[in-house]
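Worksheet: one structure, shown below.
The values are calculated or read from the model by the stated rules, or taken from the named source; none is laboratory data. It should be emphasised that the depicted structure is a prediction, and the values quoted were computed from it without experimental measurement. Heads up, the Cβs are rebuilt from the backbone with ideal geometry, glycines too, and the neighbour counts pull from every protein chain shown. Protein only, heavy atoms only, side chains kept; ligands, DNA and RNA dropped before computing areas. Shrake-Rupley method; radii C 1.70, N 1.55, O 1.52, S 1.80 Å.
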Amino acid sequence: MEYWEQRWQNNQTGWDIGEPSPPLMYCINQIKDKQAKILLPGCGNAHEAAYLMQQGFNHVVLLDIAASALLMAQHKFKREIEEGRLTLIHDDFFHHHDSYDIILEQTFFCAINPDLRRLYASHTSNLLKPDGVLAGVMFNCEFNGGPPFGGNIQEYYGYFQPYFKVVHFEPCLHSIAPRAGREVLINMVKN
Ligand SMILES: C[S@@+](CC[C@H](N)C(=O)[O-])C[C@H]1O[C@@H](n2cnc3c(N)ncnc32)[C@H](O)[C@@H]1O
């Protein structure tokens with residue numbers, strides 16, 4: 001918690017692209033049910049939540065371990081929070097318990113310690129309703145050190161297959177230029 005809070009307070013947020021990311025917009029455009037309950041874990045500045053709100057989604061939950069990130073979201077989404085369309089949760093993802101139709105992943109999986117990846121897979125599955133979906137993007141490349149921590153599809157299969165009946169990766173054609181060729185789209189359906 002302290003590590004991430006420090007990064008937010010020191011403006012060390014190099015991951016933040018300042019707008020909804022094209023791959024996540026692509027994923028969101030596939031979601032037909034505007035009543036779907038959607039979680040953005042490690043939401044950061046939550047640009048994708050702005051896009052979800054624009055698109056008429058009504059049950060969006062933003063969760064982050066850093067209070068500073070959520071304070072910004074509190075200002076940015078004041079109206080939507082009052083309308084009850086958006087909820088903010090300050091918590092460690094691994095301590096959070098609820099039930100979602102969809103979890104949207106972007107640069108959260110790569111931010112956590114790789115030792116926690118199997119737990120990430122089981123916990124996302126636990127947080128999803130039957131047939132719930134984990135979608136978004138993951139890096140398919142290595143980094144020096146981290147976070148972000150890199151990885152590859154073969155490794156990811158091992159984590160997710162025990163908990164998801166569909167574990168699907170495909171090339172991401174919508175990445176921003178600095179991430180082009182280094183991201184994969186993910187689509188996983190809970191067991
Ligand atoms: C690399 S940033 C990504 C932010 C956002 N998803 C984006 O793409 O701009 C990772 C975020 O996850 C949050 N975070 C890290 N560990 C967490 C945990 N265990 N539970 C909840 N949030 C966490 C950090 O505070 C940070 O905002």
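Summary table below
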read-out	value
Candidate set: segment 90-123, residues that are within 12 Å of the ligand (Cβ to nearest atom) and hydroxyl-bearing (Ser, Thr, Tyr); chosen: the one least open to solvent (accessible area, probe 1.4 Å)	TYR120
Members of segment 52-68 that are within 10 Å of the ligand (Cβ to nearest atom), crowded, with 19+ Cβ neighbours inside 10 Å and over 14 Å from GLN106 (Cβ atoms)	ILE65, ALA66
Among (1) buried (at least 19 other Cβ atoms within 10 Å of the Cβ); (2) of a type outside the set (Val, Ile, Thr); (3) more than 12 Å from the ligand (Cβ to nearest atom); (4) under 16 Å from the mean Cα position of the chain (by Cα), the one test that GLY151 misses	(4)
Test: residue in segment 74-82 that is in a helix (DSSP H, G or I), near the ligand (Cβ under 9 Å from one of its atoms) and open to solvent by less than 50 Å² (accessible area, probe 1.4 Å)	no
Test result for ALA135, at pLDDT 95 or above and assigned to a strand (DSSP E or B)	yes
Count of segment 162-190 residues which are surrounded by 14 or more Cβ atoms within 10 Å (Cβ to Cβ) and either modelled with pLDDT under 95 or part of a loop (DSSP other than H, G, I, E, B) (or both)	5
Segment 12-35 residues that are closer than 15 Å to ALA49 by Cβ and of a type in the set (D, E, K, R), paired with ones that are modelled with pLDDT of 95 or more and loosely packed, with under 15 Cβ neighbours inside 10 Å (beta carbon under 8 Å, 6 or more apart)	LYS34/GLN55; LYS34/GLY56
Near pairs, Cβ below 9 angstrom, 6+ apart or cross-chain, from segment 38-51 (more than 6 Å from the ligand (Cβ to nearest atom)) to any residue that is among the β-branched types (Val, Ile, Thr) and in a loop (DSSP other than H, G, I, E, B)	ILE38/ILE31; HIS47/ILE17
Condition broken by PHE143, with the remaining ones in (1) closer than 19 Å to THR13 by Cβ; (2) open to solvent by 40 Å² or more (accessible area, probe 1.4 Å); (3) in contact with a strand residue (DSSP E or B) (Cβ under 8 Å, 6 or more places away or on another chain); (4) not in a helix (DSSP H, G or I) satisfied	(3)
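A quick yes/no check of all residues on (1) charged (D, E, K, R); (2) free of Cβ contacts under 8 Å to residues at least 24 places away in the same chain:
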residue: ARG117; (1), (2): yes, no
residue: ALA121; (1), (2): no, no
residue: LEU127; (1), (2): no, no
residue: GLU142; (1), (2): yes, yes
residue: TYR163; (1), (2): no, no
residue: LYS190; (1), (2): yes, no
